[in-house]
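Right, one structure below, let's go through it.
Bear in mind that the values in this text are calculations on the coordinates, not laboratory data. Just so it is clear, the structure is predicted and the values come from calculations on it, not from any experiment. Backbone-built Cβ (ideal geometry, glycine too); neighbour counts: all protein chains shown.
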Amino acid sequence: MNISNKLCSLLHTTESICVLTGAGISAESGVETFRGSNGLWSKLKPEELANFDAFMRNPDLVWEWYNYQKKIIHDVKPNPAHYALAHLQDLVKDFTLITQNIDNLHIRAGSKNVLELHGNIERSYCISCGKSVTHVEVTLENKVPHCSSCHGIIRPDIVWFGEMLPEGVFEMATDAATRCELFLSIGTSAVVYPAANLPLIARKQGAYVVEINMERTEISNSVDETLLGKAGEILPQLVKMKEEIKG
Ligand code: OAD
């Protein structure tokens, strides 16, 4: 792995790291990404599955799709990139992990206090009373689950197109991006806002911004360094370097 002297010396000194992850970090676990020739959005229409009007029009279809996704996600495991980040949280005083992923793999790998910008497929809530539900039983006969308190329709706790991010979460993410010394943008195409703004906010506030991706992205020209390759190979090496320094 080729890294700059600047990144090497920052790894020595920094106690403040903020990380943003996207679908690419879970690709090596076997979860499909959204964009690219094989991405989910090249096969499915987001407007039929990932927005509130589509859900109200055909909640059975949307639940069927998320149940299918849930099964895939339950069958996969966190990969070395998820575990490396879970370890990194113990190596610096100020560490924030922000993810756009809904697959719960960071939490399964042991990361704590993850800022989930787009929700989590393991959670759901009632659209009438707001009650949150962790385990949803969706049967084949009756695909749409109903709230045990008010009988309202339960929906996945996922941010769909056109919806606001969960209250307060983006503010916490912005705070972390603003105060960190090193910002890592990992496995995201950086085209979905406001998440894609976070590396730019960090850089504007003086952080050193490093992107880890298989290919260059929309923000490659705006970051300090791009490490091209698999997150599951690059991240464990970076974290090992930090660990040896702490030694
Ligand atoms: P994308 O599918 O847009 O981008 C995935 C990125 O990961 C691409 O830039 C790939 O080059 C990169 N990549 C693939 N495999 C990798 C690997 N092994 N190591 C490192 N990088 C790799 O996914 P996101 O940027 O996460 O939103 O998409 C953002 C949002 O768009 C998602 O959260 C989702 C979607 O619509 C919602 O569902 C609300």
- Based on DSSP H runs of at least 4 residues, each adding -39500 (n - 2.57), what is the mean residue ellipticity at 222 nm of the chain after dividing by all its residues, to the nearest 500 deg cm²/dmol? -10000 deg cm²/dmol
- Note on the structure: Exposure proxy check on Asp103, Asp157, Asp224: fewest-to-most Cβ neighbours within 10 Å is Asp224, Asp157, Asp103
- Within region 148-183, chymotrypsin sites (Phe, Trp or Tyr not before Pro) in DSSP loop having at most 13 other beta-carbon neighbours inside 10 Å: Phe161
- For region 213-247 and region 71-126, what is the separation of their Cα centres, given in Å? 18
- Among the lysines, which fall within straight-line cross-link reach of Lys143, defined as a Cα-Cα distance under 28 Å, with same-chain neighbours fewer than 8 residues apart omitted? Lys43, Lys45, Lys70, Lys71, Lys77, Lys131
- Message: Net charge around Ser16, counting only other residues with Cβ within less than 9 Å of its Cβ (Lys, Arg = +1; Asp, Glu = -1)?
- Response: -1
- Rounded to the nearest 5, what % of the DSSP beta bridges within the chain are antiparallel ones? 25
- Message: Nearest 10 degrees is fine. How inclined is helix 231-246 to the longest principal axis of the chain, computing both from alpha carbons?
- Response: 50
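Trypsin sites (Lys or Arg not before Pro), restricted to region 94-188: which are DSSP loop and have at most 13 other Cβ atoms within 10 Å? Intermediate values should be presented prior to the final figure.
Numbers: sites: Arg108, Lys112, Arg123, Lys131, Lys143, Arg179; in loops: Lys112, Lys131, Lys143.
Those satisfying the criteria are Lys112.
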- Item | Estimated inter-spin distance, Lys6 and Lys45, nm [label 7 Å along Cα→Cβ] | 4.5
- Query: How would you classify region 168-219 from its alpha-carbon gyration tensor, with a ≥ b ≥ c the square roots of the eigenvalues: rounded for a/c under 1.5, else prolate if a/b is greater than b/c, otherwise oblate?
  - Reply: oblate
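Considering only DSSP states other than H, G, I, E and B, which GluC sites (Glu not before Pro) in region 139-212 qualify as loop sites with at most 10 other Cβ atoms within 10 Å?
Working: sites: Glu141, Glu163, Glu167, Glu171, Glu181, Glu211; in loops: Glu141, Glu163, Glu167, Glu181.
Hits after loop and neighbour filter: Glu141, Glu167.
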